[in-house]
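Since the structure comes first, as structure tokens, the remarks are kept for the end.
Here, each number is a calculation from the coordinates, and none is a lab measurement. For clarity, every value in this text was computed on a predicted model and none was experimentally measured. A quick note on method: Cβ atoms are made from the backbone with ideal geometry, for glycine too, and the neighbour counts reach across all protein chains shown.
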Amino acid sequence: MEGPHRTFTTPHRATQKHGELVARMLFGAWRLNPPELETCEEEIEAVTPQLLGSGAGALGWRRITSSQFRTSPAAFKLQQAYRLQTLYAGLHEVEIEQVIKTLAAEEIEPLLIKGRVAAALYPELGLRPYGDIDICFDSGHYKIAASILNAQGDKGSGVDMHDGFEAVYGLSFDEVFERATTIKVGKVMVRVPCFEDHLRILCIHFLKHGGWRPLSLCDIAAALEAQEDIDWDRCLGGDKRIINWVSCTIGLAHELLGARVSNIPVLTGAKKLPRWLAAAVLRQWASPYPLANETPEFFKLNLREPAQLKSEIQKRWPNPIKATMYFVGSFNELPRLPFQLGNFISLGLRALGRFPRHW
Amino acid sequence: MSVLKTREESVPRARRDGLLVKELPDELLVYDLFRQKAHCLNRTAALVWNQCDGETTVEQLVLLLGKESNAAVDREVVWMAFDQLSKAHLLQGRARTWPGASRISRRELIRRAGAAAAIALPIVSSIVVPDAVQAATCRPSNASCTSPAQCCSQLCNAGHCA
């Protein structure tokens, strides 16, 4: 899986091995009957921090619940995560219900996306944790909704608001809204994008964040196996770049997590994944923690300490997936270095307030 | 007066308000919305808690538990359950030690009735965020946060990581 091109951060085999362990633990974990796990207690112990830290603890527990390792100390930690997530799923139902009701009182109907919608793809809601309530508005309602939710204080603080889909996902809000369906959350019916639109959103979201979160790829794998008759024309649209992004993400879900894709025609692209891509994701998965994947502020770069300069630059060096997405590039065999370099420079310049932001 | 007191201690009422309850195949999960604490009740503790209606007698509970575990159950098992449920604030009234529970130790109960009784022993355990995330750079439980993504648990409640 090693890429043919050297990136600034040389791929480290040990790091990638940790990522491979994460992938192995999550292989098929979203299924009603996950496949048998071939591992040892030491490996489970080694990968537990990554699973817990990335919100995949409950899925990890699901993989080992019917194995001989279910009574190991690591298994107990994963089980605790599963229990907590199960309870929090119940709490979130109430929170979402409140937010939707508050907005409905002002005649605003948003689209719920990501977390809770993705959680519905799993056998139990508690298997897929979500903190924020991701809701999307059309531009006309975005500011009004923001002021309504801000006025709610703490109750509105867990809402991650999105102004349409156009900029990031290449989708018109009105069209997504028109095609939308509904799901029941608590006692209310909530509008969510149709399956195909949401799959596109999940795929692009995964890449946009540099592929650091294994749980996000599990969402895509679970979606691919949840519905047989996917309308691929609707999911992919006509944009070649979107087709490239979605098919590569599906290819990753297949290659790294074993998502079943035999009936997916778009996979001609997905089967030919750029050689560097899976390795780049696995390197991210070796340290799948939110803060580890935040780029430190550029203005804190200490130029007076030359000895530390290399490590400081490394900390800020963009991962090849993120850099590609930053420049709305395609995933192919071409070297990622120009993307990474360009991303690094533009982030630096942006820190100086000189460069417009892409996303 | 003493009859009333005995009756009160025999059949406490379960607290139901401010709790979120989720049933799993082998256990019951309870989240205390007031104290923001999560508990896990094993089958015996869950069975006792669900029967805490202020009317069921200890004798009835003993019979029920015996039927459930297919073994003879000591009445001290019920006291032990009350004791643990009370300490977890899952019974109405103040948390307290149930006199019956202190008369006998868990070890003694197991010894007395053998392995079959061990299955029936009630357990109410707290669910805490695992500490295995020390290697992570995400924020641990109780650390301040502004977004769930910052927390190892992925949950930011009222400015603090769960």
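A few points about this structure:
- Residue exposure sequence - A:195, A:206 - by fewest surrounding Cβ within 10 Å: A:195, A:206
- Lysine pairs in the range A:13-291 whose alpha-carbon atoms fall under 19 angstrom of each other, counting only those eight or more residues apart or on distinct chains, come to 11.
- As a proxy for reagent exposure, ranking A:220, A:144 by other Cβ atoms within 10 Å from fewest up yields A:144, A:220.
- Cα gyration tensor shape for chain A, rounded if a/c is under 1.5, else prolate or oblate: rounded
- The calculated FRET efficiency for the pair residue A:184 and residue A:152, based on their C-beta separation and a Förster distance of 35 Å, comes to about 0.95.
- Cross-link partners of residue A:322 among aspartates and glutamates, defined as those whose alpha carbon lies under 12 angstrom from its own and excluding same-chain residues fewer than eight positions apart: A:294.
- 222 nm mean residue ellipticity, helices alone, for chain A (DSSP H n ≥ 4; -39,500 (n - 2.57); rounded to 500): -17000 deg cm²/dmol
- For the options A:262, A:172, A:66, a Gaussian network treatment of chain A with springs between C-alpha atoms closer than 10 Å singles out A:262 as fluctuating the most.
- Note: relative contact order over chain A, using C-alpha pairs below 8 Å and six or more positions apart, is 20 percent.
- Restricting the range A:152-246 to GluC sites (Glu not before Pro) in coil, as DSSP defines it, with at most 13 other Cβ within 10 Å: A:228
- Of the GluC sites (Glu not before Pro) found in the range A:16-96, those in coil by DSSP whose Cβ has at most 15 other Cβ atoms within 10 Å are A:36, A:38.
- Computed on the range A:145-264, with alpha-carbon pairs under 8 angstrom and 6+ residues apart, the relative contact order is 19 percent.
- Full extension of the chain segment joining residue A:229 with residue A:107 gains 40.5 nm, where the gain is 0.36 nm per residue of separation less the Cα-Cα distance.
- Net dipole in debye of chain A [+1 Lys, Arg Cβ; -1 Asp, Glu Cβ; about Cα centre; nearest 20]: 1220
- Amide H contacts under 5 Å for residue B:91, placed H, 5+ residues apart: B:15
- Fraction of beta bridges assigned by DSSP in the range A:98-240 that are antiparallel (%, nearest 5): 60
- Taking A:77, A:17, A:322 and counting other C-beta atoms within 10 Å, the order from fewest to most: A:17, A:322, A:77
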